[in-house]
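The values are calculated or read from the model by the stated rules, or taken from the named source; none is laboratory data. Values in this document were obtained by computation on a predicted structure and should not be read as measured data. Glycine also receives a Cβ, built like all others from the backbone with ideal geometry; neighbour counts cover every protein chain displayed. Quick note on the areas: whole protein, heavy atoms, side chains included, nothing else; ligands and nucleic acids left out. Shrake-Rupley method; radii C 1.70, N 1.55, O 1.52, S 1.80 Å.
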Amino acid sequence: MAKIEFHELTKAYKDVVAVKGLTASIQGGRITGFLGPNGAGKSTALKCLLSLAHPTSGSALINGSPYEELEHPLKSVGAVIETGGFNPAISGLKNLKIIAAAAGIPDSRALEVLDLVDLTEARSKKVKHYSLGMKQRLSLAAALLGEPEILVLDEPSNGLDPIGIAWLREFLKKLSAKGHTILVSSHQLAEMQHTVDDVIILNKGRVIASGSVQEIIGDGTLEEAFIRLVESAA
Amino acid sequence: MNLVKSEFRKLFYTRSVYGLTLGAIALAMLSTWPAAYAVERTQNLLSGESLTNPQMVAGIYGKATSGYLFAIILGIIFMGNEYQNGMAISTFLATPKRTKVLYAKLGVAALAGVAMMVISELFGFLGAYIGLNKYTHAALTSGALLSLIVAGIISGAVLAVMGVALGALIRNVRIATTGVVIWLGVIERLIVVFWTTGGKYLPSGLIVGMLNVKLDVKSVGRGLNIDTANYFGATTATLLLLAYAAVFAFLGIFTSLRRDVN
């Protein structure tokens, strides 16, 4: 099973330390929630994991290797990082074809993943005319292009309406049932409680709690546990 | 090859590339067509130089290389869009080895710059031909034509590469494009004309050198003195322009490797 590991990961921007000695392990075949208040360092840690940002020290590894050293990155890991990443002046399908070409994935796969995320009808529409929810679905489609075993999703439910959120939950559960490893960051704690198996909670760049959802929440809710843990760590 | 294919798709899907090519064509034609009339009618002001001088004719045809300004803008847009639209995220997720991406992008940009220059030069030559057609004594030698074509091809490739590097360094397409238009379109041209000693080292001055046109024109009573003997010869100018490309390519790659993608 695929595995993600952070070893003493630190990322500093000039005087600001966004991630401080983050050490965590994400088990294969499970959905892990990556939680924390704004500025906790979640997105920065995920960018380091995906070689989009250079760690100041420590490492972030996927199956024992940095992302940039994976032989077929898109076929190993699919990622959603923000809703950008696309040329707004061209269609969703053309954007996916550009990414597919770079990874040596056939164009036909672009149509398949658009169908998977219910964007077939909007495939020829320019991305600048997509709603935020449609852009999120397009990001998911791009993440699925290489049929990866691992998914790294940064706030994938941003901009989705309740129906979209429910769709995403079922979608992730289906992928998890097929053995995919999913690391997902989100602020929607009630939703995460029903979606993820494990959680890692960050505050000010450090891990303040990790474990299965049941271990973390006890008899309460994830939101109650989250607020309690963040306040006690402050 | 996958990366090259992906970069070509980015290029062909970008509508502004076609607009830039049209702009290069328009500039090349507007630079050559009226030049023939201008030379013939102002020969009394230009120390007697006229279209009987084959070098003057080559100089008019040489204006067909004016489209290089659009080649550098093409490079800027090609790279700057990656950062401005956040496309760099999907690009570097698909190919995290950034050096490979930059090599592919520089190569495709160079080819696109060459294509743009060849097309705009052909239209520029057409403009010159139309403008010079009624002057039966105006003729272009095949050797001069070859020099002009080679100069266009090299300047297209080099300027597009420089554009990619500037796009990587500055990232904001609008600022980079405006800066380049002001520099190459105004400041550098003034330096090249009025301060040849320094201007000959600048890309525009080197392109003038590559054209291999030998002119010594003094405008009567206007203080203008254009003596192309002050510029580098074609070979030296070509080598120096290629050195510009190498330095800019290095800077573009170096910056892209070190930078975090946000």
Quiz item: Which whole number gives the average count of other chain Cβ atoms within 10 Å of the Cβ atoms across peptide A:51-60?
Solution: 2
Self-check item: Residues in the range B:93-128 that, when all protein chains are in place, have 50 Å² or more less accessible area than the chain alone would give (probe 1.4 Å)
Solution: B:L93, B:A94, B:P96
Quiz item: So what does B:W183 come to for accessible area, using a 1.4 Å probe and Å² rounded to 10?
Solution: 100 Å²
Quiz item: For the range A:4-233, what is one quarter of the convex hull surface built on the Cα atoms, given in nm²?
Solution: 12.4 nm²
Quiz item: Hey, got the dipole for chain A? About the Cα centre, +1 on K and R Cβ, -1 on D and E Cβ, debye to the nearest 20?
Solution: 660 debye
Quiz item: Going by alpha carbons, how many degrees (0 to 90, nearest 10) lie between the helix axis of B:142-170 and the longest principal axis of chain B?
Solution: 40 degrees
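Place a +1 charge on the Cβ of each Lys and Arg in the range B:103-262 and a -1 charge on the Cβ of each Asp and Glu, then give the dipole magnitude about the Cα centre in debye, rounded to the nearest 20. Can you show the working numbers first?
On the way: 11 positive and 5 negative charges, 51 e Å.
With Lys and Arg at +1 and Asp and Glu at -1, about 240 debye.
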Exercise. Using a 1.4 Å probe over the heavy atoms of the protein chains, calculate the carbon and sulfur portion of the accessible area of chain A as a whole percent.
Key: 49 percent
Practice problem: Estimate for me the total accessible surface buried between chains A and B (protein heavy atoms, probe 1.4 Å, no ligands or nucleic acids), in Å² to the nearest 100. | Solution: 2400 Å²
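What area, in nm² and to one decimal, does the C-alpha convex hull of the protein assembly as shown cast on average over all directions?
Values: hull surface 105.5 nm².
Average of the hull's projected areas for the protein assembly as shown equals 26.4 nm².
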Quiz item: Leaving out ligands, DNA and RNA, what percent of the accessible area of chain B is carbon and sulfur, probe 1.4 Å?
Solution: 68 percent
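Among residues other than A:A100 whose Cβ falls under 11 Å from its Cβ, what is the net charge (Lys/Arg +1, Asp/Glu -1)?
Neighbourhood net charge equals +3.
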Self-check item: Computed [θ] at 222 nm, deg cm²/dmol, the protein assembly as shown (DSSP H ≥ 4; -39,500 (n - 2.57); rounded to nearest 500)
Solution: -18000 deg cm²/dmol
Quiz item: For A:98-110, what's the mean count of beta carbons from other chains sitting within 10 Å of each residue's beta carbon?
Solution: 5
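Quick check on my link table: of A:K11/A:K97; A:K174/A:K204; A:K75/A:K135; A:K204/B:K100; A:K75/B:K105, which ones sit more than 29 Å apart, alpha carbon to alpha carbon? Numbers along the way, then the final one.
Values: A:K11/A:K97 33 Å; A:K174/A:K204 33 Å; A:K75/A:K135 21 Å; A:K204/B:K100 35 Å; A:K75/B:K105 23 Å.
The answer is A:K11/A:K97; A:K174/A:K204; A:K204/B:K100.
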Exercise. With a 1.4 Å probe and every protein chain left in place, work out the accessible area per residue of the protein assembly as shown in Å², rounded to a whole number.
Key: 43 Å²
Quiz item: Which whole number gives the average, over all residues in B:4-17, of C-beta atoms from other chains lying within 10 Å of the residue C-beta?
Solution: 4
Quiz item: Beyond 18 Å, what percent of the Cα pairs of the range B:78-137 remain?
Solution: 56 percent
Quiz item: When all C-alpha to C-alpha distances in the range A:150-234 are sorted into bins of 5 Å, what percent of pairs does each bin hold, rounded to whole numbers?
Solution: 3, 13, 24, 24, 19, 12, 4, 0
Quiz prompt | Rule-of-thumb Rg ratio for the range B:1-138 [Cα; 2.2 N^0.38 Å; N residues] | solution = 1.39
Quiz item: To the nearest 10 degrees, how steeply does helix A:132-144 sit against the main Cα axis of chain A, on a 0 to 90 scale?
Solution: 90 degrees
Exercise. Taking chain A as the reference, fit the longest principal axis to its C-alpha atoms, fit the long axis of helix A:222-233 to the helix C-alpha atoms, and give the angle between the two in degrees, 0 to 90, nearest 10.
Key: 50 degrees
Self-check item: Rg/Rg_globular for the range B:2-258, with Rg_globular taken as 2.2 N^0.38 Å and Rg from C-alpha atoms
Solution: 1.05
Quiz prompt | Taking N as its residue count, the alpha carbon Rg of the range A:1-104 over 2.2 N^0.38 Å | solution = 1.18
Quiz item: Longest exposed-loop-site-free stretch of chain A, with GluC sites (Glu not before Pro), DSSP loop and at most 16 other Cβ within 10 Å?
Solution: A:122-234
